[in-house]
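A.B. asks: Below is one structure. I have some questions about it.
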Amino acid sequence: MFNQSIFSLLIAGGDSKDRKEKAEEICGFKIDKQENSPDFLLLSTKTSIGIEEIRNLERFLQLKPYREKRKTVFIAEAQKLTEEAQNSLLKTLEEPPANSIIILGVPNLGLLLPTVISRCEIIELPPTPQINLSKEEEQEIKEKLNQLLNSSLGERFNLLEEWGIYQDREKALSFLDQLTVVGRNLLLTNEENSKFLRLLKSISAAKNYLTANCNLRLTLDVFLGEIS
């Protein structure tokens, strides 16, 4: 049960769906049905969340609730807050306006400043289980990996464009997760251990950069240049 005395909450762990469902449990409503609500603000973006968005958030919270008992803000992917935005949000997290609640979601607590974390009540979700691929899916990803490994750098760029990986951060992360599964299996069944160890390290580094909201295209370009 949600503690009415807590106004700043941080949901960590799970995947984006898990965190959204926990936020809905806390709020008592379905987020997708709140698009036109004057008392709910969703901060969700594929890029970064900056100071201007935090100023809009503060202006939103200063208004009195219109239909509901309180104003609710949900920052679905709080790791996308720039460092400046996180610092700008500190006072509001520590002393939210009356009749308001701020909920942040993040895959890992290490992606936020300690000062942000210290101002929130933490709700930790179980980690997301490792992705499972069917034999057909694994074969498809293995073929894509072979295409990448056997292509020139310019051709690799074109392949990611063709597959739509450059256009969406979540799709890129999912693709890297799939490559991780295939890479681990190849590591166990292939004599070229060092080759696939290097591949897995490059995948892990790219995932960390993307999760930390680094530039999508630049991160993928560096990854493509590292694999061999």
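The values are calculated or read from the model by the stated rules, or taken from the named source; none is laboratory data. Source: prediction; values computed, not measured. Heads up, the Cβs are rebuilt from the backbone with ideal geometry, glycines too, and the neighbour counts pull from every protein chain shown.
A.B. asks: Under the condition of being farther than 18 Å from L218 by Cβ and not hydroxyl-bearing (S, T, Y), which residue from region 164-179 is surrounded by the most Cβ atoms within 10 Å (Cβ to Cβ)? Before the answer, list the steps.
C.D. replies: As a first pass, look at region 164-179 and keep what is farther than 18 Å from L218 by Cβ: 174, 177-179.
Checking the rest, the ones that are also not hydroxyl-bearing (S, T, Y) come to 177-179.
Numbers: D177: 16, Q178: 20, L179: 23.
Residue satisfying both the conditions and the ranking: L179.
A.B. asks: Anything in region 3-42 that is of a type in the set (S, T, N, Q), over 14 Å from A76 (Cβ atoms) and surrounded by 14 or more Cβ atoms within 10 Å (Cβ to Cβ)? List them, or say none.
C.D. replies: Correct list: S8, S37.
A.B. asks: Inside region 29-54, can you point out the residues that are touching a strand residue (DSSP E or B) at 6+ places or on another chain (Cβ under 7 Å) and either touching a residue at least 60 places away in the same chain (Cβ under 8 Å) or assigned to a loop (DSSP other than H, G, I, E, B) (or both)?
C.D. replies: Within region 29-54, Q34, D39 qualify.
A.B. asks: Pick out the one residue from R19, R59 that is under 16 Å from L111 (Cα atoms) and at pLDDT 90 or above.
C.D. replies: R19
A.B. asks: Please specify each residue of region 100-122 satisfying the condition of being in a loop (DSSP other than H, G, I, E, B), touching a residue at least 12 places away in the same chain (Cβ under 8 Å) and exposed (fewer than 15 other Cβ atoms within 10 Å of the Cβ).
C.D. replies: Correct list: N108, L113.
A.B. asks: Ok, one more. P96 fails exactly one of the following numbered conditions: (1) touching a residue at least 24 places away in the same chain (Cβ under 8 Å); (2) surrounded by fewer than 14 Cβ atoms within 10 Å (Cβ to Cβ). What is the number of that condition?
C.D. replies: The single condition P96 does not satisfy is (2).
A.B. asks: Let me ask something else. Take the residues of region 152-183 that are under 14 Å from I227 (Cα atoms) and of a type in the set (S, T, Y): which is modelled with the highest pLDDT?
C.D. replies: In this case the residue turns out to be S152.
A.B. asks: Taking region 55-76 only, how many residues are in a helix (DSSP H, G or I) and among the polar types (S, T, N, Q)?
C.D. replies: So the answer is 2.
A.B. asks: OK, next. Which residues, taken from region 55-80, are under 19 Å from the mean Cα position of the chain (by Cα) and either outside the structural domain of K30 (by TED's automatic domain parsing) or free of Cβ contacts under 8 Å to residues at least 40 places away in the same chain (or both)? Talk me through it step by step, then tell me what you get.
C.D. replies: Restricting attention to region 55-80, the residues satisfying the condition of being under 19 Å from the mean Cα position of the chain (by Cα) are 73-80.
Once the filter is applied, which keeps residues that are under 19 Å from the mean Cα position of the chain (by Cα) and either outside the structural domain of K30 (by TED's automatic domain parsing) or free of Cβ contacts under 8 Å to residues at least 40 places away in the same chain (or both), region 55-80 yields V73, I75.
A.B. asks: For region 123-138, which residues satisfy the criterion of being at pLDDT 85 or above and surrounded by 11 or more Cβ atoms within 10 Å (Cβ to Cβ)?
C.D. replies: Passing the criteria: I123, E124, L125, E137, E138.
A.B. asks: What about L89, is it at pLDDT 90 or above and more than 27 Å from R217 (Cβ to Cβ)? Break it down stepwise before answering.
C.D. replies: Numbers: at pLDDT 90 or above: yes; more than 27 Å from R217 (Cβ to Cβ): yes.
It is true that L89 is at pLDDT 90 or above and more than 27 Å from R217 (Cβ to Cβ).
A.B. asks: Here is a follow-up. When E143 is evaluated against the numbered criteria (1) farther than 30 Å from Q62 by Cβ; (2) surrounded by 14 or more Cβ atoms within 10 Å (Cβ to Cβ); (3) among the charged types (D, E, K, R), which criterion, by number, is the only one it fails?
C.D. replies: (2)
A.B. asks: Something else: Only one residue in I165, I141 is in a helix (DSSP H, G or I), β-branched (V, I, T) and touching a helix residue (DSSP H, G or I) at 6+ places or on another chain (Cβ under 7 Å), so which one is that?
C.D. replies: I141
A.B. asks: Quick check: anything in region 192-212 in the same structural domain as F157 (by TED's automatic domain parsing), under 29 Å from L112 (Cα atoms) and not in a helix (DSSP H, G or I)?
C.D. replies: Checking region 192-212: at least one residue is in the same structural domain as F157 (by TED's automatic domain parsing), under 29 Å from L112 (Cα atoms) and not in a helix (DSSP H, G or I).
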